[in-house]
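Right, one structure below, let's go through it.
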Amino acid sequence: MLHGPYARISILRPHDGDTVDFEAGYIRHLEWHRQAKDTWVWYGWTIWAGERQRWFVYATFGHSAASLDNPVAPAEDERDNILNVIRHGQFLGSALYEYLPGLSHGTGEPQPTARLELTTVDLVPGTEKVFEAALSAEQSRLQSETLWYRMVAGGTAPRFVRLRPRPNLSAILDGRSEQALPDKVNDSIAKTTIEILNLRPTMSYGLEKSP
Amino acid sequence: MKHFIVGILLLLPTPLAAQTERGPYARIAILRPHDGHTVDFEAGYIRHLEFHRQAKDTWVWYGWTIWAGERQRWFVYATFGHTAASLDSPVAPADDERDNISNVTPHAQFLGNAVYEYLPGLSRGTGEPQPTARLELTTVDLVPGAARAFESALSAEQSRLQNETLWYRMVAGGTAPRY
């Protein structure tokens, strides 16, 4: 796989009362990806803390633009989705993001840790430069994996997301000092949402074990 | 700012003394029973608490039904007084999920789960609410950057609090900053 800055992050909401069938169907769909020799890595997480509790987030990272233009067998992928996934869950969003190494600490491809803090920041229009400059100025203080992405398409703009992979909830709670954003960005922010996700290894594909 | 009065403490599965480790963290979560499913939901939730009892869960779980509010008849369940390590060690998560699927998810939607930190410097009480019949729940969403001023103003008024008043800062699980 060519490595690049782009990521796709998408959301599925399992139908009420259909969790077991949804998970079994999604795992069957990942088996289709395996048989199709998909070279992309797919992360799967369930939202644990958040208003979207129990929704499923699937994502792939580290793509060039050309790579995103060449997914594995799209027509067959869709056919298998219809067979195994759509009947048990709603597709509620797919967005394209660009990794921002100058604001981040990490490679842009999150470590597959058991927990992930996901922060979504919607900005006031026109404040992106101030926001990025303020985060860039604080970059050297980051001690732990902290990955910032700018949304390119797929939702309300300007939007940024931050991923903080952590081995457990204690690491998230004990690391709250790194959670706050710099004071300089307060006037730029329209809305901030913080969620905690649980990695689902059996609902992921191609992941290496976390170190 | 939103005010809700959450009434009728429904379920208290374990004695308050059973949870020995004390810390500042709480989990507060929301279930919305499906329309017309109230009886089945409550019966299923009670069966689920029986799973917790059999699994020897040491956590205390509060259960409230919202009585006054736009989320009228939704169910709030919560656990308080945890350390970070305690929250990392819930009782048998896979079995808990299996039992949830059998008894709870057929009758309700999970509509939110958040982690909070208790703020003793703004509060009067222990951080673990008394199991009274009624509970007033106030949710405050702040303008970004206003958290320090907000906490400092409440802290200055703390000594005037006459009755149990517990403030928590949301760590994760919704729009921030939230108290």
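So the values come out like this:
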quantity: Residues that are assigned to a strand (DSSP E or B) and either touching a Pro at 6+ places or on another chain (Cβ under 9 Å) or under 13 Å from B:Ile30 (Cα atoms) (or both), drawn from the range B:117-136; calculated: B:Glu117, B:Tyr118, B:Leu135
quantity: Within the range B:158-178, considering residues that are within 14 Å of chain A (Cβ to nearest Cβ) and of a type in the set (Ser, Thr, Tyr), the one surrounded by the most Cβ atoms within 10 Å (Cβ to Cβ); calculated: B:Tyr168
quantity: Matching entry among A:Gln111, A:Gln35, A:Gln90, A:Gln53 (being under 30 Å from A:Glu138 (Cα atoms) and of a type in the set (S, T, N, Q)); calculated: A:Gln111
quantity: Residue satisfying all of: in the range B:111-142; away from chain A (no Cβ under 14 Å) and closer than 25 Å to A:Val121 by Cα; surrounded by the fewest Cβ atoms within 10 Å (Cβ to Cβ) among these; calculated: B:Thr138
quantity: Residue match in the range B:143-157 (condition: of a type in the set (Phe, Trp, Tyr), within 14 Å of chain A (Cβ to nearest Cβ), in contact with a strand residue (DSSP E or B) (Cβ under 8 Å, 6 or more places away or on another chain) and in contact (Cβ under 8 Å) with a residue 24 or more places away in the chain); calculated: no
quantity: Test result for A:Pro158, more than 10 Å from chain B (Cβ to nearest Cβ) and touching a Ser or Thr at 6+ places or on another chain (Cβ under 8 Å); calculated: yes
quantity: Near pairs, Cβ below 7 angstrom, 6+ apart or cross-chain, from the range A:181-198 (more than 7 Å from chain B (Cβ to nearest Cβ)) to any residue that is assigned to a strand (DSSP E or B) and among the β-branched types (Val, Ile, Thr); calculated: A:Leu197/A:Thr46; A:Leu197/A:Ile47; A:Leu197/A:Val57; A:Asn198/A:Thr46
quantity: Condition broken by A:Leu103, with the remaining ones in (1) away from chain B (no Cβ under 14 Å); (2) among the aliphatic types (A, V, I, L, M); (3) closer than 30 Å to A:Lys37 by Cα satisfied; calculated: (3)
quantity: The range A:158-211: number of residues that are among the charged types (D, E, K, R), closer than 24 Å to A:Val124 by Cβ and within 16 Å of the chain's Cα centre (by Cα); calculated: 4
quantity: Qualifying positions in the range B:44-67 - within 21 Å of B:Asp88 (Cβ to Cβ) and without any contact (Cβ under 8 Å) to a residue 40 or more places away in the chain; calculated: B:Lys56
quantity: Candidate set from the range A:8-63 (those that are surrounded by fewer than 18 Cβ atoms within 10 Å (Cβ to Cβ) and of a type in the set (Gly, Ala, Ser)); member that is farthest from the other protein chains (Cβ to nearest Cβ); calculated: A:Ala36
quantity: Residues located in the range B:68-110, provided they are within 12 Å of another protein chain (Cβ to nearest Cβ), closer than 23 Å to A:Pro167 by Cα and in contact (Cβ under 8 Å) with a residue 60 or more places away in the chain; calculated: B:His82, B:Thr83, B:Ala84, B:Ala85, B:Ser86, B:Leu87
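Coordinate-derived values only; no laboratory data. Values in this document were obtained by computation on a predicted structure and should not be read as measured data. Because the Cβ atoms are built from the backbone with ideal geometry, glycine has one as well, and the counts that use them run over all protein chains shown.
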